[in-house]
Amino acid sequence: MNKKILIISLSVLSLGFIQAQEVASSPEYIKTLTSQWEGERSADGRPKVSDALLERLKKIRTEEAWGYLRSKGFHNQFDGNWKIIHQDKPMTGRVVTAQYMPLRPDFKQVVKMQGAKENRDTIGGSNSWPIQILEKGDIYVADGYGRVINGTLIGSNLGNAIYANSKNGVIFDAGVRDLGGLLEIEGFNAWFRDEDPSYLQGEMLTSINAPIRIGRAIVFPGDVVLANRHGVIFIPSHHLSELILSSEVVGLRDEFGFQRLKEKKYTPGEIDTKWTDEIKTDFVKWTKQYPDNKLPMTRTELNDFLKKKKYY
């Protein structure tokens, strides 16, 4: 290895070491993770998808989002089997990640010292640090490695702080305490593994806004999450717009198919397989009669999508 390559390699390793010492990922690192996003970003570097898209996403079915992501090669974005505060209220938002690990005293001291350098509150527990950076529309997503007893990441006090900052809720691969108090926070929702009266101990925060694992899903800071009674699915921001539109068209196709089956115009086999040109033409005519104010997308978006997918 020549001297120039050695110097470059050492420089890269040094940069990696410096990055590893930071509690929160730098904006530059987050931008590298999410380099395919071309829109607006938050000050911390996370993609900032529009509130309008987040609202549309609430109506998307988990299966449709899951199927779209798999078609793009993303096979590890969903996790299920949750307890939910309000099952009938889906939640969407921009992800802020946090990772927790079993307590190691020397590592805890390193994290605390680095947190002080990053101007974080070192008087209270470090589990308040992710809450302090939340913005409206964010969702606090934490990898608590499934721990419930002594692994309750929030109670009602922190729950109120989370809602005050984000006007949203949390997804915790961990436990919560004081569920009765959390239920009283109007507008707040949570996906969690279980509840327990114990408080957080023997556990420590290790990173903020780095890639984490939630059950069988991998999550990036700046991903968008769709959480409902069926589970949680984490969507790369650069795929969100097309995923929503594609899923909305699937919803229209289902509505059209159900109607035509009731009318006995087509057989179940014809509707439940690849459509013929005749059915596609019928579907396009059907969409043209659909009231604009009831479409989930704009008429232009729908027409452009159908043309792109060669419906006509």
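The values are calculated or read from the model by the stated rules, or taken from the named source; none is laboratory data. As the structure is a computational prediction, the values presented were derived from the model and not from experiment. In this analysis, Cβ positions are derived from the backbone assuming ideal geometry, glycine residues included, and neighbour counts consider all displayed protein chains.
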Among the numbered conditions (1) modelled with pLDDT of 95 or more; (2) more than 19 Å from the chain's Cα centre (by Cα), tell me where Asn127 comes up short.
(1)
Looking only at region 209-265, filter to residues that are basic (Lys, Arg) and more than 25 Å from Trp82 (Cα to Cα); which one of those is nearest to the chain's Cα centre (by Cα)?
Arg253
Output the qualifying pairs, or none if there are none: Cβ atoms under 8 angstrom, residues six or more apart or on different chains, first residue in region 69-91 and free of Cβ contacts under 8 Å to residues at least 60 places away in the same chain and more than 14 Å from Val232 (Cβ to Cβ), second residue in a helix (DSSP H, G or I) and not aromatic (Phe, Trp, Tyr).
His75/Leu69
Consider Glu255 carefully, then state whether it is of a type in the set (D, E, K, R) and over 26 Å from Gln36 (Cβ atoms).
yes
Looking only at region 60-84, filter to residues that are among the β-branched types (Val, Ile, Thr) and in contact with a Gly (Cβ under 9 Å, 6 or more places away or on another chain); which one of those is surrounded by the most Cβ atoms within 10 Å (Cβ to Cβ)?
Ile60
Please tell me if Asp88 is over 17 Å from the mean Cα position of the chain (by Cα), modelled with pLDDT of 95 or more, under 14 Å from Gly231 (Cα atoms) and in the same structural domain as Asp143 (by TED's automatic domain parsing).
yes
Against the definition (crowded, with 20+ Cβ neighbours inside 10 Å, β-branched (Val, Ile, Thr) and either in a loop (DSSP other than H, G, I, E, B) or in contact with a strand residue (DSSP E or B) (Cβ under 8 Å, 6 or more places away or on another chain) (or both)), how does Thr92 come out, yes or no?
yes
Going by the conditions given, is Thr276 hydroxyl-bearing (Ser, Thr, Tyr), farther than 15 Å from Glu248 by Cα and assigned by TED's automatic domain parsing to the domain that holds Ser247?
yes
